Amino acid sequence: MIKSFVGVRHTVLAVLGTVLTLSLSTPAHAEAAAVPDGNVTVEVIAANGSGCAPGSATVIADSDKTGFRIRYHDFVAEAGGSADPTDRRKNCQVGVLVTVPAGWTFAVAEADYRGRARLHAGATALQRTNYYWQGSSANNSNDETFSGPLHGYWATRDVAPALIYTPCSEQKVLNVNTELRVDAGPSNARSSMSMRSSEGDVDTLFNFSWIRC
């Protein structure tokens with residue numbers, strides 16, 4: 001997993017991490033291919049949590065059919081100062097239905113997470129994300145921690161160690177559960193961790209690997 005920060009503090013860290021290995025079967029006689037010719041659609045079928053009020057999370061398919069993006073419109077955790085104690089932890093679970101052309105299937109090859117942090121000295125923050133296919137028993141969680149002072153954009157990436165494809169001819173819902181948590185530290189100055197699309201190039205991107213069934 002790669003973590004990078006852009007802003008007042010410029011740091012690039014490379015750390016080892018594991019991504020969810022989805023326990024779904026690979027189609028027999030699979031043939032490696034590029035992208036399907038037909039339409040690929042994605043839609044949010046459910047979104048809930050303290051970090052995403054109804055209608056505040058949207059999903060957009062990439063025009064080149066290589067993946068999709070989740071955008072959160074009001075996803076922020078805050079601690080310290082006048083922040084409400086309940087705001088120090090926020091979470092959002094989004095269920096995304098991906099519909100693909102007949103004769104094709106896909107795996108999640110990697111996921112990129114981007115947001116913005118305003119952490120004072122002594123403050124810490126956590127970004128925790130897991131994603132899993134509905135009906136699958138596999139459910140791994142990856143944590144990234146951040147320390148202040150940090151003011152600017154952050155980005156993390158999960159790269160799948162193996163490509164596990166969804167069964168052909170089955171529609172599956174990908175559940176994406178993300179948590180943001182902030183500890184203001186000894187100074188108790190107001191700090192925040194966010195993934196709000198209004199703050200610029202901030203979203204979660206899932207990249208596909210396609211094969212023919």
Open item on the list: Being modelled with pLDDT under 90 and surrounded by 15 or more Cβ atoms within 10 Å (Cβ to Cβ) is the filter here; which residues of the range 53-64 pass it?
Closed with: 56
TODO: Restricting attention to the range 37-54, report how many residues are in a loop (DSSP other than H, G, I, E, B) and either farther than 24 Å from residue 180 by Cα or in contact (Cβ under 8 Å) with a residue 12 or more places away in the chain (or both).
DONE: 9
Open item on the list: Being under 21 Å from residue 211 (Cβ atoms) and at pLDDT 85 or above is the filter here; which residues of the range 108-145 pass it?
Closed with: 108, 109, 110, 111
Task: Looking only at the range 66-101, and only at residues there that are aliphatic (A, V, I, L, M) and touching a Pro at 6+ places or on another chain (Cβ under 9 Å), the one that is surrounded by the most Cβ atoms within 10 Å (Cβ to Cβ) - done: 79
TODO: Looking only at the range 66-85, count how many residues are under 13 Å from residue 112 (Cβ atoms) and part of a loop (DSSP other than H, G, I, E, B).
DONE: 1
Task: Candidate set from the range 146-164 (those that are more than 21 Å from residue 81 (Cα to Cα) and either at pLDDT 80 or above or in contact with a helix residue (DSSP H, G or I) (Cβ under 6 Å, 6 or more places away or on another chain) (or both)); member that is surrounded by the most Cβ atoms within 10 Å (Cβ to Cβ) - done: 154
Open item on the list: Can you find a residue that is in contact with a Phe, Trp or Tyr (Cβ under 8 Å, 6 or more places away or on another chain) and surrounded by fewer than 22 Cβ atoms within 10 Å (Cβ to Cβ) anywhere in the range 183-194?
Closed with: no
TODO: Output the residue which, of all residues in the range 32-52 that are under 30 Å from residue 74 (Cβ atoms) and of a type in the set (Val, Ile, Thr), is surrounded by the most Cβ atoms within 10 Å (Cβ to Cβ).
DONE: 40
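The values are calculated or read from the model by the stated rules, or taken from the named source; none is laboratory data. Nothing here was measured: the structure is a model prediction, and the numbers come from that model. Every residue, glycine among them, receives a Cβ derived from its backbone with ideal geometry; neighbour counts consider all protein chains shown.
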